[in-house]
Amino acid sequence: KNHFQDIFNCLKTQRPGQHSFNLNHQINELTVNANMVKDAIEDLGLNKSCGLDGITAEHLKYASEKLPYLLGLCITSFFIHGFLPDSMLSVIIVPVIKDKAGNINSKDNYQPIALASIISKV
């Protein structure tokens with residue numbers, strides 16, 4: 001745990017719930033429309049592990065036709081307000097063995113894989 005805990009923790013300097021970002025763009029450049037979201041959902045791979053939210057790519061691909069429009073509004077608001085919820089930034093770290101013939105007790109024989117929220121991938 002100690003070996004992997006700092007690898008993906010890029011938010012050390014901020015308090016929980018205070019994850020924001022600054023963008024130097026015009027608001028009209030930050031609009032995410034339903035077609036953009038639909039294309040992103042279509043590009044997602046199937047049969048992948050889900051993040052902490054329990055949502056898989058299959059959930060998004062087979063959801064209502066209204067979902068891309070609603071996600072577009074949500075993502076656009078993230079850009080406009082410069083704020084991402086903690087749930088979008090949280091990942092599950094799974095150590096995967098590199099060499100099965102190697103020493104399975106060695107921390108150097110494991111590669112950390114981050115399972116992120118599928119919504120953050122969109």
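Summed over the stretch 90-122, residues that are outside any strand (DSSP E or B) and more than 17 Å from L71 (Cβ to Cβ) total 13.
Residues checked against (1) outside any strand (DSSP E or B); (2) in contact with a Leu (Cβ under 9 Å, 6 or more places away or on another chain); (3) modelled with pLDDT under 90; (4) among the acidic types (D, E):
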| site | (1), (2), (3), (4) |
| --- | --- |
| M36 | yes, no, no, no |
| S49 | yes, yes, yes, no |
| L60 | yes, yes, no, no |
| L73 | yes, no, no, no |
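The residues of the stretch 101-113 that are in contact (Cβ under 8 Å) with a residue 60 or more places away in the chain and open to solvent by less than 40 Å² (accessible area, probe 1.4 Å) amount to a single one, P112.
Scoring V96 on the criteria (1) closer than 21 Å to L115 by Cβ; (2) within 16 Å of the chain's Cα centre (by Cα) leaves a single failure, condition (2). The residues listed here are L67, L30; of these, the one that is modelled with pLDDT under 90 and more than 15 Å from the chain's Cα centre (by Cα) is L30.
The values are calculated or read from the model by the stated rules, or taken from the named source; none is laboratory data. Given the structure is predicted, the values throughout are model-derived calculations rather than measurements. Every residue, glycine among them, receives a Cβ derived from its backbone with ideal geometry; neighbour counts consider all protein chains shown. Note: areas computed on protein heavy atoms with side chains; ligands, DNA, RNA excluded. Shrake-Rupley method; radii C 1.70, N 1.55, O 1.52, S 1.80 Å.
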